[in-house]
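Inspection log for the structure reproduced underneath, given as structure tokens.
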Amino acid sequence: MQDTKHIVQPNRNRNILLTIFATVLVAVALLILTSLGSVKLGSALALFAIWGIATVSLNLVNGTLGILSLGHHGFMLIGGYTTALLILSDDKREKILASGRSSMTPFTVGLSIDNFFNAIGLTAFTTDETLWLRFLVAILLGGLMASVVGLIVGIPSLRLRGDYLAIVTFGFGEIIRLTASTRIFSPITNGALGFSGVPTEFGKSVWWTFAFLGITIYVISKLKYSSFGRAMEGIREDEIASEAMGVNLAYHKVLGFVVSSFFAGIAGGLWVSWLGGARLDSFLFTLTFFFLVALSVGGTGSITGVLLGTALVVFVRQYGDPLEQSYLITTWILAIGVILLLTALAIYIFRTIRRSRPKIIPAFYLFLIAGVATVVLALLAPSLGIMQGEFRGFGMRAIFLSILLIIIMVFRPDGMVGRAEFNWAWVFRERLDQPTEEERKQDAWLSNPELNRPGGAANTSDVEED
Amino acid sequence: MAMLEISNLNKSFGGLQAMTDVSFNVNEGEIISVIGPNGAGKTTLFNLITGVYTPDSGDVRFQGQSLVGKKPSQIVDMGIARTFQNLRLFTNLSIMDNILIPQHHKLKSNWLQAILRTPAYKKEEEEMRKFALEKLSFFGPRLMSFRLYQPVLVLSYANRRRSEIARAMATGAKLLLLDEPSAGMNPKETIEMTKIIKRMRDEGGYTILLVEHKMNLVGEISDRVVVLDYGKKLAEGDYKDVVNNPEVIEAYLGKKATDDDKAKKDGGLE
């Protein structure tokens, strides 16, 4: 009697085929983009994928589980340093040993996948051609290390709630970074010197990074749409209610945290490879801050949104350097004028779309007049002989990103897509939450004009029958 | 043996004795109402049974096992589920998700199997959905079909109450604790809720312990009524006997003040 629509996902096979097709399409697009041969584009794409892994995994904790975690950079550091130490080439290791400033011991310098493979007799895998295998092993170990630390950090701290937990995770993130620089750990981390010369052929490779991104998205979206993910979303919505419905809070929080730190470790491994070295100052809190911006801009809780946010942040970071160059002061003023005029235009368009009355408000005139005045000033300034010289906009990228964040928070507090997720049903306009024609006919309340009279407050209750 | 045995339960919050020596039994297949004026300790009693609070002394036994010191989620595992007085649905999630989350504790697959979508997990997921539809159909068509995928926040208040009861049923519990199931409902919906609670017992086989203020609902469905006042059990028994009990009337309506009482009260104030 029950149709299977509510039990299994409708059009499941079609969706799987479309997903495979879309993946192939993305691969072809990447192939075309990489064949253009632009180094800058390639590294921007790789950075998008690496930060995408980090944000998607952070989103599992911040968005799905509803816990504000600020220590993601700490877990990335563990993954990154583990990977760097394990795959560093032999000549770099010799340099570290020879250096007087390094506090690494011969034993810790010898910690490498190379030596491990040699020890167990797999010398075939220690050649330069098989570096990829060693990298794979190293990065997985880095992820595991990060998840073990995530487990150790998570069990005590996840008993806290809200702001307190945020402060604790932030604290742990910083503790990880600072202990890595102490004397106790510097034989492993090489202290403030870090590791330089980490092979960049993986972190800079679009294929490697996107493959890891694909795996991350696959695992985390499968987790999100499983019963475990639903339980996590229940915890986000209402901890007390989900506990009263039998959800083991501690278990699910720790599970989410550990899976998230595993992928943070993977992202860290790729990040050191992208940078070509592991240094403590490449794992500052600003890294987590950028991820949080990506989350807020795209939509916390949505993998789709988070990836859009990451794309935006990476774009501003990689292609924002024109913002930080030296220009004539008049150019800057002209730019401000144009922004003011665009704001006026935006006000006009918004009020037209939203059908607000009056369509033109005082603020519109304010921005219009200020904009015109600024543009005129900028154009006249050279002939009047004022405002000469140049100005270099240091930090303009961060300012631009912040302004962008403010604008999005004002107009779309939930981020660009909110909690909505991309799916094929949405592409085909298949709305399960709206009645089909058949359902409309069967439903007395929707099909009966007597009941459904506009303004008529009829009651759907079937009590009247008896 | 009674299904739920509450014996000499005590609980205080600082200086406030919220529960004093309360004991009563709930037998399988009964509908028992707990009534009492505001602040009588009815919700505290629910919180003590479901493990939100730990009693200072006394014992709660469910099917012979003590519930004291267990976590709320473990108590759900044993077969007791509750609803909340001021609705605690997962408002941003769909109705379907709301009814699937309480079934999560019955899942046998682990998280890795869930990520890999093994056949065993898939089968369990289908079973969960079937069970959810079965529980929702208790409330007629109003929570079914396309409404399954609407977020709870678009539902009317009465439908939210129904969803909460469906959610408690979906945990697979035998004993349901309903905290004011008809709060905020109009008389018509209250009558319907009365019928639903009866059907839950008769068709669903649930044992029900409920807190309610609407006396017509209580009178119609209760096998027994327990009256609480200031954390003490005032009376227990048949609805008619209980409401005619002078102590109960006093607790609800107050005592007619005699001159003697007035003098006492004035004296007490000094």
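Throughout, read-outs are computed from the coordinates displayed, never taken from laboratory work. Bear in mind the structure is a predicted one, so any value in this text is a computation, not a measurement. FYI the Cβ positions are ideal-geometry reconstructions off the backbone, even for glycines, and counts take in every protein chain you see.
Structure notes:
- Among A:TRP426, A:TRP332, sorting on how many other beta-carbon atoms sit within 10 Å of each Cβ, with the fewest leading, yields A:TRP426, A:TRP332.
- Förster radius 51 Å - calculated FRET efficiency between A:LEU380 and A:TRP207 (Cβ-Cβ, nearest 0.05): 0.45
- Sum of -39500 (n - 2.57) over DSSP H runs of 4+, divided by residues of chain A (222 nm, nearest 500): -21000 deg cm²/dmol
- Spatial separation of Cα centroids for segment A:230-293 and segment A:373-387, in angstrom: 51
- Per-residue average of Cβ from other chains inside 10 Å of B:139-148: 5
- Full-stretch length increase - A:VAL26, A:ARG12 - with 0.36 nm per residue and alpha-carbon distance subtracted: 2.9 nm
- Net charge contributed by nearby residues that have their C-beta within less than 15 Å of A:LEU249 (K/R +1, D/E -1): +2
- Using alpha carbons only, the radius of gyration of chain B set against its Kirkwood radius gives Rg/Rh = 1.03.
- Adding -39500 (n - 2.57) for every DSSP H run of four residues or longer, then dividing by how many residues chain B holds, sets the calculated 222 nm ellipticity at -11500 deg cm²/dmol.
- Cα-projected label distance for B:LYS240 with A:PHE428, points at 7 Å along beta-carbon direction, nm: 6.3
- Per-pair calculated FRET efficiency, R0 = 45 Å: B:LEU153 and B:PHE13 via Cβ, rounded to 0.05: 0.85
- In terms of the mean number of neighbouring beta-carbon atoms within 10 Å, the peptides B:117-130, A:205-218 order highest first as A:205-218, B:117-130.
- Relative protection proxy for B:172-182, A:176-186, A:65-75, from highest mean packing down: A:65-75, B:172-182, A:176-186 (other beta-carbon atoms within 10 angstrom).
- Mean-position separation - Cα centroids, segment B:76-136 and segment A:44-59, in angstrom: 31
- Here the spin labels are modelled as points 7 Å beyond Cα on the Cα-Cβ line, and at B:ILE249 and A:SER99 they lie 9.2 nm apart.
- Per-residue average of Cβ from other chains inside 10 Å of B:114-125: 3
- Lys/Arg +1, Asp/Glu -1 at C-beta; the protein assembly as shown dipole; positive extreme among A:LEU379, A:LEU17, A:PHE290: A:LEU379
- Peptides B:240-246, B:139-145, B:28-34 ranked from most to least packed, by the mean per-residue count of other Cβ atoms within 10 Å: B:28-34, B:139-145, B:240-246.
- The spacing between segment A:139-156 and segment A:335-361, judged by their C-alpha centroids, is 50 Å.
- Nearby lysines by direct alpha-carbon distance to B:LYS233 (threshold 27 angstrom, same-chain neighbours under 8 apart not counted): B:LYS11, B:LYS42, B:LYS70, B:LYS71, B:LYS174, B:LYS198, B:LYS214, B:LYS255, B:LYS256, B:LYS262, B:LYS264, B:LYS265
- Computed over segment A:39-322, the Cα gyration tensor eigenvalues convert (square root of 5λ each) into semi-axes of 32, 21, 18 Å, ordered from largest to smallest.
- Here the relative contact order of chain A, from alpha carbon pairs under 8 Å that lie six or more residues apart, stands at 22 percent.
- Diffusion constant of the protein assembly as shown at 10 °C, which comes from Stokes-Einstein with the Kirkwood Cα-pair radius and 1.306 mPa s, µm²/s: 52
- Fewest-first ranking of A:THR374, A:THR436, using other Cβ atoms within 10 Å as the exposure measure: A:THR436, A:THR374
- Simple label model, 7 Å out from Cα along Cβ direction - A:SER35 to A:PHE289, nm: 4.2
- Dipole-positive endmost among A:GLY42, A:ILE347, A:LEU328 within the protein assembly as shown (Cβ charges, Cα centre): A:LEU328
- Put in order of Cβ neighbour count within 10 Å, fewest first, the listed residues A:LEU136, A:LEU17 become A:LEU17, A:LEU136.
- Cβ charges +1 (Lys, Arg) and -1 (Asp, Glu), total dipole of chain B, debye: 1200
- Rg and Dmax of segment A:1-68, based on Cα coordinates, read 18.3, 60 Å.
- Across peptide B:90-101, the average count of Cβ atoms from other chains found within 10 Å of a residue's Cβ is 5.
- The stretch between A:THR436 and A:ILE215 holds 76.0 nm of extra length on full extension. This uses 0.36 nm per residue minus the Cα-Cα distance.
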